[in-house]
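Read the structure below first, then the notes.
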Amino acid sequence: MRRHLHAEWTKLRTVPGTGWLLLAVAGLTVALSALAAAAVTCPATGCGTDTTKLSLTGVQLGQAAVALLAVLGIGGEYGTGMIHTTLTAMPDRTTVLTAKAAVLAGLTMAAGTVAVLGSVLAARLILPGSGFTSAHGHPLPSLADGATLRAAAGSVLYLMLIALLSLGVATAVRDSAAAVGTVLGLLYLFPIIGHVVSDPHWQRRLWQISPMNAGLAIQSTTELRSLPLTPWAGLGVLAAWTAAALLCGGLLLRLRDA
Amino acid sequence: MTGTLAPSRPGVRTGFGRLVHAEWTKFRTVRGWVIAMVAVALVTVLLGLFSAQGSHSSCGSGPVETACPAVPVGPGGEAVNDHFFFVHRSLTGDGAITVRLTSLTGIITYPPPNHDEIVPGVVPWAKAGVIIKDGTRPGSAYAALVLTGRHGVRMQHDFTGDTAGRPGGASAASPRWLRLTRSGDTLTGHESPDGTHWTEVGTAHLAGLPATAQVGLLVTSPGDLTVKQGALGGSIEQSRFTQATGVFDHVEVRGDTSGGAWSHGEVGATGTQTDWEKYHRPAGVERSGGTFTVSGSGDIAPRGSGEGIRIENTLTGAFAGMILLVIVAVLFVTAEYRRGLIRTTLLAEPRRGRVLGAKAVVIGLVTFVTGLIAAVVAVPVCTHILRANGNYVLPVSWLTELRLMAGTAALLAVAAVFALALGALFRRGVAAVTAAVVVLVLPHVLATASVLPEGAAQWLLRLTPAAAFAIQQSIPAYPQVTGHYVPQDGYYPLPPWAGLAVFCGYAALALGLAVVRLRRRDA
């Protein structure tokens, strides 16, 4: 396994895109979060904004870079034919996929941590200027607060799960472009369709099975009772999608010719 | 002339039509792409069917289901609210009504911040004034000259027409005189501070107004709207009962009023009364001498998107179709790089810009036709299912429906060209697909289903390619109607064609950059 990990790490490290994509994960997340924080104001009469969730808005953009990174982690090998060499050198395909997953998870966690910390820091700098002060009932988002810590750590886990989900889909689909399209469709379409269905029962159900809506419940810190799922259960839904995708990809990798 | 290189040599056809034909052959002979385009249409239609099937609605209280009350439709074909208290008499032929309005007051039930008492107050679009209307049937044609709660005097007609007059209110010390004159099909509103010096506010042409119309006084007051942030993103709107009371005197009707004396009644009455109306002041009129004190609630206005299902909801599947489409359009160019076909292509047509142009024409046309077929099927079928499930689908004119269908097809076509350009620009399918999907779909998700404030959501839909979805907006926003006009309710900040034009600009820019890059770089 150490050999596998080392091999995957070397491959990922030496592909030119990886560094840029990791930068993009952090940069895009912080940029959109900062823009979102700059866009809100809180009048003196008070406002119901969930500042923690708002300050982590950028994760919705950063996840696209994460998906791209993870899809290229295996899709790139299929594109260039490198996968044949990989599987010749390391015939145990499950271990190959596990090693890829471990390396990608580690890298995403690192970039995600930078992204989330940067977003929270940006919010702490920007929000007080727009009326979000303790006097208005909005103390600064702080990691010392349990709910905020859960939201921040959960967002890092969310990004990691998105990376593994993308890896699973890309392993099953084998074409990078189609895989990234599938992943982004899976993430972004549920919120749009759920918004249009007028039946509240269906709306809640779609929300509950949507990897992005349910997964991002981990960022909520206010009005938790009106959420269709608790934050951790929501992240669990995403984890289930990820497990299914990895399982599916892993099985196909074992059963099919490369 | 020293040049010997002619752009086209004899015997070799290098016309653009030839290029388009070549690209079309490339497209149609890849089976996966053709299947994917069929899937684009299928996904669009099937998701529409799914969401239509999942939407049920019924009227009645508790377990007792009743037929939903009919929604009045205005002369322009739009769904309207037509609910007000009307003191009226018949007027045959030309004539005029003149009144003096000395007071406009009202009550608002349980407004914020504490929501615990009934307070005196007039909502901004409460109306009191004079009206000439084609009978008392809700939805019939009218022209009215009214004083509003906070928007001064307005001349309004047929629910959508609105012309501003002088701002300000009315009191015993500074009354407002209002006069509405009928001359054939033309109705003219005048106002005056003293009953002697008159200013014209506006005119309206009501084609087909019968010779005998109802003329009289109207008072109405729409609900007091507040909006709060919803937990699932978006917002929750609440409307509370209000009532307005107008005091009129010096009421004078000129013309043939032989049809009878004053009568009165509530137009568009719902049959239910609020506690305020039961125990304090019902909608009605009190007459003492020449003074009429009229109270009423409701509105005379087009219905907003919240009061029914918008027809563009039947095309939500286009988002899913678009993602599939983006993949096909990107592969249409990047597959050539992967297989090395691009070198043959550029050998056959060395003017590289034209190659990309031909590709754009092919993918754009194929997509437009696919999208149009999907839309033409999805809109009527899903509308039918929605109505069969008891939902009220807001009616729109056939022109709007046509714009919705053709506009969605055009939107998909531009999306395909945009994705193609990104593919040529990046030369890597995966990067192009990610960029195209993020740029097209994410702004919409952020604008409608996140905790972003409304102002930011509107800027997103002005500046990003997602502005193009404005082409699907079927219910316009009316400044003269109190409403919560936000993207999540189907109101876009740009007019339909302007929104699509923003996206066309992005697509043209991407295509231009792609051509420059294709020319400058080795293939």
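What follows is calculated from the coordinates using simple rules that are stated; it is not laboratory data. These numbers come from a predicted model, not from an experiment. Cβ: placed from backbone, ideal geometry, glycine included. Neighbour counts: every protein chain shown.
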**OP:** Rounded to whole Hz and in sequence order, give me ³J(HN,Hα) for the range B:506-515 from the Karplus expression 6.51 cos²θ - 1.76 cosθ + 1.60, θ = phi - 60°, writing x for Gly and Pro.
**Re:** 4, 5, 5, 4, 5, 5, x, 4, 5, 5
**OP:** Would you work out the relative contact order for the range B:80-302, in percent, from Cα pairs under 8 angstrom that are 6 or more residues apart?
**Re:** 33 percent
**OP:** Go through the range B:483-492 residue by residue and turn each phi into a ³J(HN,Hα) via Karplus (6.51, -1.76, 1.60, θ = phi - 60°); whole Hz please, and just put x for glycine and proline.
**Re:** x, 10, 8, 10, x, 5, 9, x, 9, 9
**OP:** Quick one: P(r) of chain A from all Cα-Cα pairs, 10 Å bins, percents rounded to integers, in order of increasing distance.
**Re:** 7, 30, 32, 20, 9, 2, 0
Original post:
Give or take rounding to whole Å, what are the principal axis extents of the alpha carbon atoms in chain B, in descending order?
Top reply: 98, 64, 38
Subject >> Note, ³J(HN,Hα) from phi for the range A:149-158, Karplus 6.51, -1.76, 1.60, rounded to Hz, x at Gly and Pro >> reply: 4, 4, 4, 5, 5, x, 5, 5, 4, 4
Subject >> For B:Asp256, distant residues with modelled amide H under 5 Å away >> reply: B:Thr92
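Roughly how crowded by other chains is peptide A:173-179, in terms of the mean Cβ count from those chains within 10 Å of each of its Cβ atoms? Let's see the in-between values first.
Values: counts 0, 0, 5, 7, 15, 10, 3.
Per-residue shielding by partner chains comes out at 6.
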Original post:
Per q in 0.11, 0.18, 0.23 1/Å, what log10 I(q)/I(0) does a Debye calculation on the alpha-carbon atoms of the range B:52-133 return?
Top reply: -0.64, -1.11, -1.18
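Counting only other chains, what is the mean number of Cβ atoms within 10 angstrom of the Cβ of each residue in peptide B:435-443?
Values: counts 2, 2, 9, 10, 1, 1, 8, 8, 1.
That average works out to 5.
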Original post:
Of A:Ile126, B:Ile35, B:Ile97, how do they rank once you tally other Cβ atoms within 10 Å and put the fewest first?
Top reply: B:Ile35, A:Ile126, B:Ile97
**OP:** Could you rank the peptides A:21-27, B:369-375 by their average count of other C-beta atoms within 10 Å per residue, with the highest value first?
**Re:** B:369-375, A:21-27
Original post:
Angle, helix A:93-126 long axis vs. longest principal axis of chain A, Cα atoms, 0 to 90°, nearest 10?
Top reply: 20 degrees
Original post:
Within 10 Å of each Cβ of B:449-461, how many other protein chain Cβ atoms are there on average?
Top reply: 5
Subject >> Built amide H within the under 5 Å cut-off of B:Gly317, gap 5+ >> reply: B:Gly48
**OP:** Express in whole angstrom the spacing between the alpha-carbon centres of the range A:165-205 and the range B:449-501.
**Re:** 24 Å
Original post:
Can you list the lysines whose alpha carbon is less than 20 Å from that of A:Lys53, not counting same-chain residues fewer than 8 positions off?
Top reply: B:Lys228
Original post:
Going by a 4.7 Å Cβ-Cβ cut-off, which cysteines of chain A have no partner at all?
Top reply: A:Cys248
Original post:
Using the count of nearby Cβ atoms within 10 Å as a rough guide to exposure, how do B:Asp275, B:Asp489 rank from fewest to most?
Top reply: B:Asp275, B:Asp489
Original post:
Helix B:429-449 versus the longest principal axis of chain B: what angle, 0 to 90°, nearest 10, using Cα atoms?
Top reply: 10 degrees
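Sort the following peptides by mean Cβ neighbour count (other Cβ atoms within 10 Å, averaged over residues), highest first: B:99-111, B:437-449.
Details: B:99-111: 20.0, B:437-449: 24.2.
Descending mean neighbour count gives B:437-449, B:99-111.
Restricting to Cα pairs below 8 Å that are 6+ residues apart, what does the relative contact order work out to for the range A:1-148? Please round to a whole percent.
Numbers: 152 pairs, mean separation 56.5, N = 148.
38 percent.
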**OP:** Return the calculated 222 nm mean residue ellipticity for the protein assembly as shown, to the nearest 500 deg cm²/dmol, obtained by summing -39500 (n - 2.57) across DSSP H runs with n ≥ 4 and dividing by the residue count.
**Re:** -17000 deg cm²/dmol
Subject >> Set of lysines near A:Lys100 by C-alpha distance (under 18 Å), chain-local residues within fewer than 8 positions excluded >> reply: A:Lys11
Subject >> Isolated Cys residues of chain B, judged by Cβ distance under 4.7 Å to other cysteines >> reply: B:Cys382, B:Cys504
**OP:** Excluding residues fewer than 8 places away in the same chain, name every one of the lysines whose C-alpha is closer than 27 Å to that of B:Lys26.
**Re:** B:Lys359
**OP:** Within chain B, what's the longest run with no GluC sites (Glu not before Pro) in a DSSP loop and at most 16 other beta-carbon atoms within 10 Å? Give the range, please.
**Re:** B:118-523
Original post:
When a footprinting reagent is the concern and you count Cβ atoms within 10 Å, what order do A:Tyr158, B:Tyr485, A:Tyr188 take, fewest first?
Top reply: B:Tyr485, A:Tyr188, A:Tyr158
**OP:** Pull up all non-local amide H partners of B:Asn81: gap of 5 or more, or a different chain, and H-to-H distance under 5 Å with H placed in the peptide plane.
**Re:** B:Ala301, B:Arg303
**OP:** Determine Rg/Rh for the protein assembly as shown; Rg is computed over alpha-carbon atoms and Rh is the Kirkwood hydrodynamic estimate from the same atoms.
**Re:** 1.06
Original post:
Each label point is 7 Å from the Cα along the Cα-to-Cβ direction; what then is the distance between the points at A:Thr41 and B:Ser239, in nm?
Top reply: 2.8 nm
